[in-house]
Amino acid sequence: MFKNKFKLSLSKKQSKVESDRDGNEPKENMIPSATNSFIQAIKDATHNPSDLIVKSIPPNLTLIFIENLVDERTLNDHILNDLYKKPSESPELMKSLLSIPLLNISNLLDDALSSMMTGTVIIHIDGYSQVVLANIATRETRSLSAPENESQVIGSQVGFNESLSTNVSLVRRYIMNPDLCIEKTKIGKRTNTSVSLLFMKGIASEEMVNTLRQRINSIDIDAIIDSAALAEMIDDNSLSIFPQMLLTERTDKFCDGLMNGKLGVLVDGSSMAIICPQSFIEFFQSREDQNLRWQIASFLRILRFSAIFLSVYLTPLYVAALTFHYEVIPQAFLVPLSESRALVPFPPVFEALLLEFIIELLREAGARLPTKIGQTIGIVGGIVIGTAAVQAGITSNILIIIIALSALASFTSPSYMMGNVIRIIRFPIIILAGFWGFYGIMLAFCFILIHLLRQSSLGTPYTAPFYPPRLKDWRDSIIRAPFSYTSKRPTSSRPVDDEKSNPEPVNPEKS
Amino acid sequence: MKNPLQLSPKDTINAFLLFFVIHSSQVGVGIHGFQRFVYHDAKHDAWISVLLIGIVSHIIVIFMIKTLEMYDSNDLYGIHQDVFGKWIGNFLNGIYILYCSTAFFAVLRNYMEVINAWVFPNLNPWFLSATLLLIVMYAFLSGLRVIVGIAFFSVVFSFWLYPLLIFPLEFSSSSSFYPILESDIISILKGAQSMTFTIIGFEILNVIYPFVKDKENVKKHVHLGLLATTVIYLAIILVSLAYYSEGELARTIWATLTLFSIVRFPFIERFEFIAINFWMLIIIPNLCLYIWAAYRGTIRLVKISAKKFVWIFSIIIFIFTIVIQTRTQINMINTQFGKVAFYIVFVYPIFLYVVAALKKKLTSQKEQKE
């Protein structure tokens, strides 16, 4: 009874408070006209941080900004200087007075606060319930550098950095076209991260743009710190181990994708851009393939695909053959194999898993350690563990070769994300091979095949262009045909305009 | 027209893919050892039998397509209901579902036996059956597009196996073909009939036809698929006849697999171990297409979700694969199933075509009178 009463009164109180707030909200959100109450309102809302600067300019002006976010030189030269010289009467007048390109007038406190957080100076005139917002944000960014995770020999050496505006300007420098559409939204209720959706109007499919836009806007999350997390959230199937959107830090690759009718997403504070839709095979194509002669590019692509196949299946095949199917190994090869394994006390599965585990340890340690020590770790791993493991009789020589080969092969994937998948996917297959030999490997193979067939990237089939077969797109899949044969854009991104180039030969003498 | 299928464009496939569907549904477990049955009847003229049944399959498919064209977007189950009325039609549908299920079972059980006989003698059949069924369930629940995709990749990825038949040619002689036509015509026909179990599969067209986007190209690709199968079977029987000595073929249960054991590379011997395990990729689309065909029929009889159906179906098949164990039992099932399948696949389509055509004529006459 008592409890009930208490609850009732509490809820009444709450509702009262709510109604109060409701009634006051517009008032609270408005900017107070009196200077003192305005300063107090800002200080309350920001919890009075130490870098909040409040500067009064007599007779009636107040400047509020956050010290670390604004460009001091612009502040001095273009705002303070002007304001001291010609004190202005109203916000409208001041707007015409200041020589700053990004000026706004607002009467909402929330507006003023959120723009102050991105590097805006709030100029308040005593007696007015409007403020001038002068955006003079300074952008602390790393200078442009070569993409570290996706290096290439021939081609541009510029990669994205962590600033969204720099990245957009980089893209604009590649594609000087008014059709390049950039849509900016904010994601992250608490971080207010800027996310830009980029696409080429007239090439990219509108339907796809709508889908992606809707996916991005429907994200309800506190914080987005990096684009990789965003990519996982807007994937078609975020439960799959295979990424369905490409993350790249290469500007040229990003622009290439846009020009092929793909959509790009840039996230402020992240040096990785998202490209989608992306088919499975495109994860293994490097941007550099376009820069090399087609024969060489085709060779490298075939090499890469066979490397991935080797990387996934070589160790399982070894395990399966040595555990169950001795018969398939020719006698001449069987003798050195069994000699090297003679002293090893473990079954092949365990031996392979152990070595794979060590390789993964080395790799993880190398990735976490500073670059200089990382190299040392490589030597320690390679020589000490490798040689010593064989001498101690824990593993066989041949397995070391096989494991090293498959580790090496997994590095050939141009996409780091896909490279990770390749190295992880090996473990279950090794275990299956250890238990059920070739049969287990085939089970894994069929499962992966079906799994890949099930996936889609932004609604387009993941196994394109092989299935559903688009024979024309095969020219730029496992091989890279000469440019004169690839005058059409790939159909997998459903481009509005699929003509890429005029198929007529450029050199008239040739024809 | 009764019960036309409502299909979204997402479910439809290109006619081009029918080549892979037809081819992959034909090639399955029968190819492992069909030579023995044909040789038993037609002796060294077995290759004529194979050629004959290949040609017959083309003719049957012409009738099938003609029947299906009468009902633009309906499958065999719908045609049954339309031609024979609800009760008889559904009874025939039931038989067809049973036929698809038996075909599924036969393929699965034969493959399991091959694995047991050649690779893992002690591996429990229940394990093989359960793993294969799980894979098939996964594929089946992904929908027709994925099933056709598996058929596509299965054909593409397994194509390299056939050129390996060059290896046995080293030990063969062409003299074993002569004299041609030593067997009488009856034994050759009998030999052709005993090919049924190996060559069936193209009847899947009856069910998949409404799902094809560009129907005008169906004929071309179906016939190409059939042709590819016939050529492969013909090549295998020719190599087998040339390689095996007289009478040896009659005693070899899995003659094709034995041919594979001749294949030898510098780094690999006993190639049949790889081929048999790799055959899983060829079996999976086979199984998927049959279970899918059975499901298409079942939903005409009872309202059932795909998930429920696949679980019930798999559990029943699973129990059967464990119960039926011995070589003689499996052999009996193959022979009996082959006999029944001959009538269902090779005789019944002509009958259905005649009945459907007659019915259409009658109804159009009626309409004219009215």
(request) Please work out if A:Ile219 is more than 27 Å from A:Pro414 (Cα to Cα), free of Cβ contacts under 8 Å to residues at least 60 places away in the same chain and β-branched (Val, Ile, Thr). (result) yes
(request) Spot the failing condition for A:Ala352; the list is (1) under 22 Å from A:Ser306 (Cβ atoms); (2) at pLDDT below 90; (3) of a type in the set (Gly, Ala, Ser), and only one is missed. (result) (2)
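Among the listed residues A:Gly440, A:Gly459, which satisfies the condition of being modelled with pLDDT of 85 or more and either under 25 Å from B:Phe127 (Cβ atoms) or away from chain B (no Cβ under 14 Å) (or both)?
On the way: A:Gly459 fails: either under 25 Å from B:Phe127 (Cβ atoms) or away from chain B (no Cβ under 14 Å) (or both).
Unique residue meeting the criteria: A:Gly440.
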(request) Would you check which residues across the range A:462-508 are in a loop (DSSP other than H, G, I, E, B) and within 14 Å of chain B (Cβ to nearest Cβ) and list them? (result) A:Tyr462, A:Thr463, A:Ala464, A:Pro465, A:Phe466, A:Tyr467, A:Pro468, A:Pro469, A:Arg470, A:Ser477, A:Ile478, A:Arg494
(message) Tell me the residue from A:Leu180, A:Leu170 that is within 18 Å of the chain's Cα centre (by Cα), surrounded by 15 or more Cβ atoms within 10 Å (Cβ to Cβ), of a type outside the set (Val, Ile, Thr) and under 30 Å from A:Asp497 (Cα atoms), please.
(response) A:Leu170
(message) Show the residue pairs meeting these rules: Cβ distance below 6 Å; 6+ apart or different chains; first residue within the range B:265-283 and over 26 Å from A:Ile450 (Cβ atoms) and within 7 Å of chain A (Cβ to nearest Cβ); second residue β-branched (Val, Ile, Thr) and in a loop (DSSP other than H, G, I, E, B).
(response) none
(request) Kindly provide the set of residues from the range B:146-193 that are buried (at least 19 other Cβ atoms within 10 Å of the Cβ), more than 20 Å from B:Val50 (Cβ to Cβ) and not aliphatic (A, V, I, L, M), ordered by number. (result) B:Gly149, B:Phe152, B:Phe153, B:Ser154
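Do the conditions hold for A:Leu343, that is, is it crowded, with 19+ Cβ neighbours inside 10 Å and either more than 14 Å from every other protein chain (Cβ to nearest Cβ) or not in a helix (DSSP H, G or I) (or both)? Before you say what the answer is, go through the steps one by one.
Numbers: crowded, with 19+ Cβ neighbours inside 10 Å: no; either more than 14 Å from every other protein chain (Cβ to nearest Cβ) or not in a helix (DSSP H, G or I) (or both): yes.
When the stated conditions are applied, A:Leu343 does not pass them.
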(message) With the condition being crowded, with 16+ Cβ neighbours inside 10 Å, I'd like the helices (runs of 4 or more DSSP H) fully within the range A:73-120 carrying at least 3 qualifying residues.
(response) A:91-97, A:109-116
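If you check B:Ser172 against the conditions, is it touching a residue at least 40 places away in the same chain (Cβ under 8 Å), outside any helix (DSSP H, G or I), among the hydroxyl-bearing types (Ser, Thr, Tyr) and away from every other protein chain (no Cβ under 12 Å)?
Details: touching a residue at least 40 places away in the same chain (Cβ under 8 Å): yes; outside any helix (DSSP H, G or I): yes; among the hydroxyl-bearing types (Ser, Thr, Tyr): yes; away from every other protein chain (no Cβ under 12 Å): yes.
Judged against the criteria, B:Ser172 is a match.
In contact with a helix residue (DSSP H, G or I) (Cβ under 6 Å, 6 or more places away or on another chain), buried (at least 16 other Cβ atoms within 10 Å of the Cβ), more than 12 Å from every other protein chain (Cβ to nearest Cβ) and closer than 25 Å to B:Leu108 by Cβ: is that true of B:Ala255 in this structure?
On the way: in contact with a helix residue (DSSP H, G or I) (Cβ under 6 Å, 6 or more places away or on another chain): yes; buried (at least 16 other Cβ atoms within 10 Å of the Cβ): yes; more than 12 Å from every other protein chain (Cβ to nearest Cβ): yes; closer than 25 Å to B:Leu108 by Cβ: yes.
Against the criterion (in contact with a helix residue (DSSP H, G or I) (Cβ under 6 Å, 6 or more places away or on another chain), buried (at least 16 other Cβ atoms within 10 Å of the Cβ), more than 12 Å from every other protein chain (Cβ to nearest Cβ) and closer than 25 Å to B:Leu108 by Cβ), B:Ala255 qualifies.
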(request) Pairs only if they're at least six apart or on different chains, beta carbon under 7 angstrom, first in the range B:351-370 and assigned to a helix (DSSP H, G or I), second surrounded by 10 or more Cβ atoms within 10 Å (Cβ to Cβ) and of a type in the set (S, T, N, Q); list them, first residue then second. (result) B:Leu352/B:Thr67; B:Tyr353/B:Thr67; B:Ala356/B:Thr67
(request) Within the range B:204-213, identify whether any single residue is touching a strand residue (DSSP E or B) at 6+ places or on another chain (Cβ under 9 Å), charged (D, E, K, R) and either more than 14 Å from chain A (Cβ to nearest Cβ) or more than 24 Å from B:Leu132 (Cα to Cα) (or both), and answer yes or no. (result) yes
(message) For the range B:108-142, give me the residue count where each residue is surrounded by fewer than 16 Cβ atoms within 10 Å (Cβ to Cβ) and in contact with a His (Cβ under 9 Å, 6 or more places away or on another chain).
(response) 0
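The values are calculated or read from the model by the stated rules, or taken from the named source; none is laboratory data. All figures in this text were calculated on a predicted structure; none of them were measured in a lab. Note: ideal-geometry Cβ built from the backbone for every residue, glycine included; neighbour counts use all protein chains shown.
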